[in-house]
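Okay, structure first, notes after.
Nothing in this text is a laboratory measurement; each read-out follows from the coordinates by a stated rule. Bear in mind that the values here come from a model prediction, so they are computed numbers and not experimental data. Here the Cβ positions follow ideal geometry from the backbone for every residue, glycine too, while neighbour counts run over all protein chains shown.
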Amino acid sequence: MTTTTTTTTTTTGAETLVPFEKVLESYDPAMGLEVHVELNTNTKMFCGCPTRFGAEPNTQVCPTCLGLPGAMPVVNGKAVESAIRIGLALNCQIATWCRFARKNYFYPDMPKNFQTSQYDEPICFDGHLDVEVDGETFRVEIERAHMEEDTGKTTHIGGTTGRIHGAEYSLVDYNRAGIPLIEIVTKPILGTGEKAPLVARAYVAALRELLLGLGVSDVRMDQGSMRCDVNLSLAPKGSGRLGTRTETKNVNSLRSVERAVRFEMSRHAGILDAGGSVLQETRHFHEDTGTTSAGREKSDAEDYRYFPEPDLVPVAPSREWVEELRATLPEPPAVRRARLQQEWGFSDLEMRDTVGAGALGLVEETIALGTSPQAARKWWLGELARSANESGVELTELPVGPAEVAAVQKLVDEGTLNDKLARQVFEGLIAGEGTPEEVIEKRGLALVSDDSALGAAVDNAIAAHPDVADKIRGGKVAAAGALIGAVMKEMRGQADAARVRELILEKLT
Amino acid sequence: MPEISRDEVAHLADLARIDLDDAELDRLAPQLQVILESVASIQGLAGDDVPPTSHPFPITNVFREDKVEPCLTPEEALAGAPAVEQQRFVVPRILGDEQ
Amino acid sequence: MTDLTRKTAAELADLLAAGEITSVQLTQAHLDRIAAVDGGDRGVHAFLHVDADGALAAARESDERRAAGQPRHPLDGVPVAVKDVLTTRGLPTTCGSRILAGWLPPYDATVVAKLKAAGLPILGKTNMDEFAMGSSTEHSAYGPTRNPWDLDRIPGGSGGGSAAAVAAFEAPLAIGTDTGGSIRQPGAVTGTVGVKPTYGSVSRYGLVALANSLDQAGPVTRTVLDAALLHELIGGHDPKDSTSVTDPVTGLADAARQGASGDLTGLKVGVVAELAGEGWQDGVMTRFREAVDLLVKLGAEVVEVSCPTFVHAMAAYYLILPAEASSNLAKFDAMRYGLRVSPEGVAAPSAEEVMKATRDAGFGDEVKRRIILGTYALSSGYYDAYYGQAQKIRTLIIRDFQKAYESADVLISPTAPTTAFRLGEKLDDPLAMYLNDLATIPANLAGVPGISVPAGLAEEDGLPVGLQILAPALADDRLYRVGAAAEAVLTERWGGPLLSKAPTLEATL
């Protein structure tokens, strides 16, 4: 995890950014996180169109999700089931009776120019999720989780950035319109102090893990099946008040969550320090610079004119149904982690690091393929985490997955590679040079296991260092290290150090 | 007496994405005022003890199975479109932000 | 050959079954009638679109089925007209609006699918007030329909086209929709039969929504038995409509036949005190009182009932309807189908500008008024006082009905306060126009069914008056029993159907 620390106040255009540590001297942050989750149901929220990703434009639409006159919605029972299970996993109350409501506003990606959502009657409410940051537990209170539908996808044509600014016109694909979304909203997250960015990230990571465990979504932040909006405000330290908040969108990775919180804290502090007031607005996060910029100015405050959806009837889950669904929940993340930690024999610190790196699932999968827990952890938290950080991507986004890690470790176990060579193989895999075998071949990385070749190198080393050889003959076995080094150098690292040592001792004792 | 001024009518028309010109505003605003006065007669009639009705009958829990149904073909979906490009609906440049 | 267009649908069904006529003959006879009286300056103008080819093709198929001894339904081969608010695949569906000029839906409304499945040829789409907002069909963007009784008068609305088509013998059957009286009131002023079924008993899938919680499709015919037959055909649960009730729609034709025997012993008929009085035309009240006396002669017991909240029904209706409609009509934004208009003098208009220009050009005044009123009623700050309050009035109206039905089996009133007024007479006074729905609106708010049957002609102007009968929810059979009884005894008194007294329409072309 890299953090950007600035030790001096900087200005970005018209903005002043206060260094993070200084922010905390004067202000308490309050955060609110809104996460939208795309469910992995077969069909859409209100119609039977398929939800498969990547289809040709406008091939997965019908009168209902296209908003044609006269069409009517019918609720997908599986989506309701998923919503309830998510709520239960988040320790929420499940409503005994709730309705859908129309959120009215105009936008071309919305076929009806209203979104069928839930307003003051969410299906789940008042829950919590505990997250751990550096050994400290924070309880994030969940305000609500409710059902709604996704919008179509707009592509902006003309203009330079592919974004909406300066575009000449837009193209709309409604395949995504109507896909079920669950919106999960936290209550204000307070008392996190300097850990605010980490708590935000940990919450989103933990939520992601929970949703994966439930099997309700593939929660790919990079593909948009999990979207996070970050709300942040600052209040004078100890005042107990809440300041004016901003909402930041386009936060597409765990790393971005953390960076967005950090940046907004600095930015708000800059404004407040100068005696100004923070503008309540929606901002856009920029992946490349880790900064936020203002969205389009809104001409009126949003009045969505919510009213109960008259084409749908209320959803009233029976308590029997809720209990049936409760029985289908997987073990809670904390319980799962404790079990895995025990199975794997990790220390508390090792487990914490694994979870914190977002590597739990990856490590688990790698172990399932036969790798030892320590080896799995070593690779994911070492070489691969380093590589991911350097490229600014998540571990899950690397071209290397559990299968590759297991394969490489197997080659180490078999003696075809040692650690150092394995690292080079990973380099090659990440660079897209092919399978582990192909990389080994192209780069000539295999360990030499031919004893005669090794023996020749050992002979060379003995000849080059006669005094060291004498010491060894005299019983100072520890001195073999220098000879091993020489052999490894001659073999360009492609030798198993343990075997080299054996050969040296064989020849000299 | 509830009022709906000409300015308010213009604002509401804007919210409803209808471009009313001056002549229309002149004509419609007073009519709306009259109608509003008439319907405003219900204000305060029913107290907190009366629940609102959104549906005449108390049906609940109408769900459908998560099973794929036939879609429209893209030709059918795009048939009424004012403009089409790359099998998508062409819309003029959008000013506002996504929600 | 006797004029087939003068026969009832039940009679035509019998003739088809007996092999005495073919559907092609029948359909052609109606197409000829339409051609003779519907077009030109002084034509009835009941139809917006006539599908001669489609209707004749369906008629041929019907004849083939009958020849093979496999008719799909007793009404197989009897032509029908459909109000232009229901989607018909491949046939223009305009809802009487310019904004949908030429729109060809890619799907059939469930009601339309049922008509087709039963083998009824669809003659075409009938005229209506734009998006069903109106009581005179003068708000159609395509010109008004004329009342066959007097071509300078309105045929009622919003379903004036369907009622006029049937009254002018252009179709033996038609489908209408009723949100506040749009089937019943045209029935009253054209001397025809119109029924609003129990809310939810006829599918709304494909019925372009005006007020989702009030709309219902229903039969428009010349006789009560015809209405019962058509009602049974189109009714029933539809999984595509979440507000659809599961109770089967049966026994209506039987109730009509039973009622025609003229025995209403034991029936308690409630006269609603609030649905009469000042502002109600003298001739209307005279015919109504006579009808009440007739029912007593048939053995019914008349009781006075009071429904005090009915005086607020109009206000509640003109808040609920515009609110729901303002949201329903948001989808007409020039992006996916329908009219697209660019603002004048703007070089590169934005999507928002195109939406605004299109909706201004595509919607008529009445639609604009109701959209603005609805937007107002739903606005934050106003919701509780207006929309919220209106929904409470609705509860009180439902309670009034429930109480009334404790002492009466059916309720009766005149269908409308006046006979057909002149074209143009009420166009400048929206409120005066709204008053036409005084008696019909309460039933829509409560979801209970209602029928209008001809009660005679008013003394002062010789124009038709309607008798409205209302039944409890799901007791639609009572409408047919009482309606048929009244029809039988009145027809005898008149010496023939009321429509036989209508002026003969000159061929207009």
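With all projection directions averaged, the alpha carbon convex hull of the stretch C:34-110 covers 6.4 nm².
Taking the Kirkwood radius as Rh and the Cα radius of gyration as Rg, the stretch B:1-75 has a ratio of Rg/Rh equal to 1.23.
With neighbours defined as other Cβ atoms within 10 Å of a residue's Cβ, the residues A:488, C:128, C:433 order from fewest to most as A:488, C:433, C:128. With 20 Å as the cut-off, how large is the P(r) tail for the stretch A:333-443, expressed as percent of Cα-Cα pairs? Summing the P(r) of the stretch A:333-443 above 20 Å gives 38 percent of all pairs.
Debye-formula intensities of the stretch A:150-272, expressed as log10 I(q)/I(0) at q = 0.12 Å⁻¹, are -0.59 (one equal scatterer per alpha-carbon, no solvent).
Residues whose amide H comes within less than 5 Å of that of residue C:268, counting only those at least five positions distant or on another chain, are C:301, C:409, C:410 (H built at 1.01 Å from N in the peptide plane). Taking Cβ separations below 4.7 Å as the criterion for a possible disulfide partner, the isolated cysteines in the protein assembly as shown are A:47, A:49, A:62, A:65, A:98, A:228, B:71, C:95, C:307. Bridging of residue A:442 to aspartates and glutamates at a Cα separation below 14 Å is possible for A:427, A:433, once same-chain residues fewer than 8 apart are set aside.
The ellipsoid that matches the Cα gyration tensor of chain C has semi-axes, each √(5λ) in whole angstrom, of 32, 29, 21, with the longest given first.
Couplings 3J(HN,Hα) for the stretch A:68-83, derived from phi with the Karplus relation 6.51 cos²θ - 1.76 cosθ + 1.60 (θ = phi - 60°), are 5, x, x, 6, 9, x, 9, 5, 6, x, 5, 5, 5, 4, 5, 4 Hz, where x marks Gly and Pro. Shown for C:91, B:45: other C-beta atoms within 10 Å of each C-beta, ranked fewest to most, produce the order B:45, C:91. Residue order for C:72, A:337, C:42, fewest other beta carbons within 10 angstrom first, comes to C:42, C:72, A:337. Relative to its residue count, chain A spans a Cα convex hull of 199 Å³ per residue. Within the same chain, lysines fewer than 8 places from residue C:331 are excluded, and of the rest, those with a Cα less than 25 Å from its Cα are A:44, A:103, A:112, A:153, A:298, C:83, C:125, C:240, C:356, C:368. Using the rule -39500 (n - 2.57) for each DSSP H run of four or more residues, divided by the residues of chain C, the 222 nm mean residue ellipticity is -11500 deg cm²/dmol. For residue C:134, the residues 5 or more places off, or on other chains, whose built amide H falls under 5 Å of its own are C:158. Can you grab the distance from the C-alpha centre of the stretch C:82-148 to the C-alpha centre of the stretch A:235-312, Å, no decimals? Value for the Cα centre distance between the two parts: 48 Å.
Applying the criteria of a DSSP loop state and at most 12 other Cβ atoms within 10 Å to the GluC sites (Glu not before Pro) of the stretch C:215-300 yields C:278.
Per residue, chain B reaches -10000 deg cm²/dmol at 222 nm when only DSSP H runs of four or more residues are counted, each adding -39500 (n - 2.57).
When you count the other C-beta atoms within 10 angstrom of each residue and take the mean per peptide, C:451-463, C:250-262 line up highest first as C:451-463, C:250-262. Spherically averaged projected area of the convex hull of Cα atoms, the stretch C:39-182: 8.3 nm².
Take every residue in peptide C:430-436, count the Cβ atoms of other chains within 10 Å of its Cβ, and give the average of those counts.
2
According to the calculation over all Cα-Cα pairs in the stretch C:312-395, the P(r) per 10 Å bin from zero is 18, 39, 25, 14, 3, 0 %.
Remark: mean inter-chain Cβ contacts per residue of C:318-330 equal 5, using a 10 Å Cβ-Cβ cutoff to other protein chain atoms. Computed per residue of chain A from DSSP H runs no shorter than four, each worth -39500 (n - 2.57), the mean residue ellipticity at 222 nm is -11500 deg cm²/dmol. Near the amide H of residue A:142, within less than 5 Å, lie the amide hydrogens of A:127, A:128, A:129, A:187, all on another chain or at least 5 residues away, with H placed in the peptide plane.
Take each residue in A:54-60, count the other chain C-beta atoms within 10 Å of its C-beta, and the mean is 5.
Here residue A:378 is the anchor, and the lysines within straight C-alpha reach of less than 22 Å, apart from those fewer than 8 places off in the same chain, are A:410, A:420. Relative to the longest principal axis of the Cα atoms of chain A, the long axis of helix A:480-490 lies at roughly 70 degrees. Annotation note: trypsin sites (Lys or Arg not before Pro) in the stretch A:456-509 located in DSSP loop regions with a Cβ neighbour count of at most 16 within 10 Å are A:476, A:492.
Rounded to two decimals, the Cα radius of gyration of the protein assembly as shown over 2.2 N^0.38 Å is 1.17. Cα centroid separation, the stretch C:153-208 to the stretch C:440-508: 12 Å. Karplus-based coupling profile of the stretch A:189-202, in residue order and whole Hz: 9, 10, x, 9, x, 5, 7, 3, x, 6, 5, 4, 5, 5, with θ = phi - 60° in 6.51 cos²θ - 1.76 cosθ + 1.60 and x standing for Gly or Pro.
Order the peptides A:443-449, A:82-88 from the highest to the lowest mean number of other Cβ atoms within 10 Å of their residues.
Ranked from most to least packed, the peptides come out as A:82-88, A:443-449.
Structural descriptor for the stretch A:35-167: relative contact order 18 percent, calculated from alpha carbon pairs under 8 angstrom and at least 6 residues apart. When only alpha carbons are used to place a centre, the stretch A:333-381 and the stretch C:284-309 end up 83 Å from one another.
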